[in-house]
1. Within the group Ile175, Ile152, Ile209, which residue is assigned to a helix (DSSP H, G or I) and without any contact (Cβ under 8 Å) to a residue 12 or more places away in the chain?
2. Got a number for residues in segment 189-242 being among the aromatic types (Phe, Trp, Tyr) and within 17 Å of Phe126 (Cβ to Cβ)?
3. Go through the residues of segment 142-165 one by one and say whether even a single one is crowded, with 20+ Cβ neighbours inside 10 Å and in contact with a helix residue (DSSP H, G or I) (Cβ under 9 Å, 6 or more places away or on another chain).
4. Could you identify the single residue in Leu194, Leu184 that is surrounded by 17 or more Cβ atoms within 10 Å (Cβ to Cβ), in contact (Cβ under 8 Å) with a residue 12 or more places away in the chain and within 25 Å of Leu131 (Cα to Cα)?
5. Could you please let me know if Leu226 is part of a helix (DSSP H, G or I), modelled with pLDDT of 85 or more and touching a helix residue (DSSP H, G or I) at 6+ places or on another chain (Cβ under 9 Å)?
6. Return the residue satisfying two criteria in turn: it lies in segment 166-203 and is of a type in the set (S, T, N, Q) and at pLDDT 80 or above, and of such residues it is nearest to Phe118 (Cα to Cα).
7. Which of (1) in a helix (DSSP H, G or I); (2) without any contact (Cβ under 8 Å) to a residue 12 or more places away in the chain is the odd one out, the single condition Lys158 does not satisfy?
8. Sort out which residues of segment 47-101 are surrounded by fewer than 12 Cβ atoms within 10 Å (Cβ to Cβ), of a type in the set (Gly, Ala, Ser), more than 14 Å from Ile198 (Cβ to Cβ) and at pLDDT below 75, and write them in order of number.
Amino acid sequence: MILDSLSSNLVISPQSYNETPIQDYNSTALAKELYHVTLRYKKSIPYQRGVLNNSSIDSWILFLLLFSLGSLAFVRGIYRKRFSMLFQTFINWKLSKQIIRYEKVYTHPVNLLLLLNFIICVPLFFAIASLKEYNLHIPSFRLFISILIPLILYLLAKFFSYQFSAWLLKEKEAIDEYVFQTNLFNKYVGVLFLILSILLIYSPISSTILFNIGLLTLLFFLVFQLIRGVIIGIQRAKSLHLIILYLCTLEILPWLVLGKWLNNLQ
């Protein structure tokens, strides 16, 4: 009985046998017509040839990017409270007094890793941006080192100048608070320049736009840092003239000298 039912299902009636070739022919003709219509439609659409974005980079650049991203992930995951507190001080700067009073300012792992991220990402960004913007015929690693070493020397010179002025003026608490604010802004800049470096390498955004954004970022944080310095000095009941003279000597003058030197190179 089961075999009879299976054999009956396999039998094709003469009527269906005669209709199947006609249906297949009609389906094939319709498919060919749709294909030709689609082909004519595609030819009528104007298109623009895409620009190849060559994102291949040197291995050492990729290593530095991965190291910076890994350090941010580490401090964000292990020292979540300290990491969040540091970035809250951008709005509520009085939190810095609490950090200076109760915690390590210079040797805390969050401070060290974020400062290292700043030292790496700022020269990396400007090295890559300069190569793309000015078509310099210089090895990328050599250009990176030529920016990295002066930056480290500049940071060390500023740090010792702060400590010397704190001893000379007998204002250790005020100078320590200002130094903390300065290093805090450097940490913000390091995170932003890490993002800008990734965009500069992998995104289709113009290198000119990103280069200008980088310069504006430095200018913004320099102005913001000067404002914080004036506020700290006023709260310490210091003369406004001395505050401005101090900030101009340690903050503005080095940037003016650097700008003059770069202008002479062009």
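The values are calculated or read from the model by the stated rules, or taken from the named source; none is laboratory data. This one's a predicted model, so the numbers in the text were calculated from it and none came from an experiment. As a convention, Cβ positions derive from the backbone with ideal geometry for all residues, glycine included, and neighbour counts pool all protein chains shown.
1. Of Ile175, Ile152, Ile209, the one residue that is assigned to a helix (DSSP H, G or I) and without any contact (Cβ under 8 Å) to a residue 12 or more places away in the chain is Ile209.
2. The qualifying residues number 4.
3. Taking every residue of segment 142-165 in turn, at least one turns out to be crowded, with 20+ Cβ neighbours inside 10 Å and in contact with a helix residue (DSSP H, G or I) (Cβ under 9 Å, 6 or more places away or on another chain).
4. Leu194
5. no
6. Per the criteria, the residue is Asn186.
7. That leaves (2) as the condition not met.
8. Gly50, Ser56
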